[in-house]
1. Please determine, by comparing only the residues of region 177-201 that are of a type in the set (S, T, N, Q) and at pLDDT below 90, which one is nearest to residue 157 (Cα to Cα).
2. Does region 148-171 hold any residues that are of a type in the set (Phe, Trp, Tyr) and in contact (Cβ under 8 Å) with a residue 40 or more places away in the chain, and which are they?
3. Mind listing whichever residues of region 129-147 are touching a helix residue (DSSP H, G or I) at 6+ places or on another chain (Cβ under 9 Å) and either assigned to a loop (DSSP other than H, G, I, E, B) or without any contact (Cβ under 8 Å) to a residue 12 or more places away in the chain (or both)?
4. For residue 130, are the conditions met, namely being modelled with pLDDT of 95 or more, among the hydrophobic types (A, V, I, L, M, F, W, C) and either over 18 Å from the mean Cα position of the chain (by Cα) or closer than 26 Å to residue 66 by Cα (or both)?
5. Kindly check whether there is at least one residue in region 23-43 that is in a loop (DSSP other than H, G, I, E, B), modelled with pLDDT of 90 or more and open to solvent by less than 60 Å² (accessible area, probe 1.4 Å).
6. Which one of these is open to solvent by 60 Å² or more (accessible area, probe 1.4 Å), over 18 Å from residue 119 (Cα atoms) and free of Cβ contacts under 8 Å to residues at least 12 places away in the same chain: 95, 77?
7. List the residue pairs whose Cβ atoms are under 7 Å apart, where the first residue sits in region 172-201 and is on the phi > 0 side of the Ramachandran plot, the second is exposed (fewer than 15 other Cβ atoms within 10 Å of the Cβ) and at pLDDT below 90, and the two are 6 or more positions apart or on different chains.
8. In the set 71, 55, 83, which member is assigned to a helix (DSSP H, G or I), open to solvent by less than 30 Å² (accessible area, probe 1.4 Å) and either of a type in the set (Asp, Glu) or at pLDDT below 90 (or both)?
Amino acid sequence: VKPSNLLISDSGRGKLSDFGLVARMGAGGGASAAGYRFHLAPELLHGGASGVATDVFATGVTMYRLFNGDDLLPKYENFDELDQMILSGEYPNRELYQPFIPRRLKRAINKAMELDPSDRFSSASSLRHAVEQVRVSVDWWVEVVENSAIWHGQSESHEFEITMRTIARSWSIEIRRCRIGSQLRRVAADYSSGTVPARRRTALAKLMSRIATTGRY
């Protein structure tokens with residue numbers, strides 16, 4: 001299972017495609033250790049058996065990619081380097097998320113990707129339950145234009161646009177909002193020189209995740 005094999009119909013129903021690796025499930029709840037290398041749990045790289053825990057791990061990686069896109073995935077030179085990054089927990093980077101991802105959702109995804117199988121969710125149902133507890137009221141998508149990252153968001157009633165722009169050693173953050181069908185208007189802005197401080201990025205992430213869960217600025 002990977003993002004490109006998850007299809008959404010016009011009615012919003014999810015469907016799974018590509019069954020090229022299908023195998024008969026064994027008594028332990030797993031079929032085989034075959035799978036997408038990028039989604040393999042660390043224990044499988046040591047020759048361990050597949051099962052519920054490895055499937056939970058692979059689901060966590062799939063969710064990470066679905067919510068973040070692949071641009072945040074670490075780069076690697078070869079499969080040996082990738083394997084080492086998986087074993088050390090560097091792939092994916094559990095600390096690197098799009099700023100609009102709610103903290104509870106990040107915790108759920110990271111728990112699914114724990115290196116120790118006993119620290120993961122014990123079942124797919126428990127993972128699903130944790131994700132379903134996260135309220136999401138705004139859908140976000142990001143656009144990168146020259147020196148700017150622009151996050152667009154939309155709830156049932158409002159549109160949001162948050163732009164972070166960096167030019168030379170100056171940067172700015174601008175927040176715009178409107179009711180759907182109206183023209184976007186600036187509601188806040190922040191300008192400074194020098195690199196964007198980490199605390200500002202943290203504040204931006206808190207703001208965007210709050211908007212995502214409440215639908216309000």
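1. Among those that are of a type in the set (S, T, N, Q) and at pLDDT below 90, it is 192.
2. Within region 148-171, 151, 160 meet the criteria.
3. 133, 134, 135, 136, 137, 138, 144
4. yes
5. Yes, region 23-43 has at least one match.
6. 77
7. 194/169
8. 83
The values are calculated or read from the model by the stated rules, or taken from the named source; none is laboratory data. Just so you know, these numbers come straight off a predicted model, no measurement behind them. When we count neighbours, we look across all protein chains shown, and the Cβ atoms used for this are built from the backbone with ideal geometry, even at glycine. Ligands, DNA and RNA are excluded from the accessible area calculation, which covers all protein heavy atoms including side chains. Shrake-Rupley method; radii C 1.70, N 1.55, O 1.52, S 1.80 Å.
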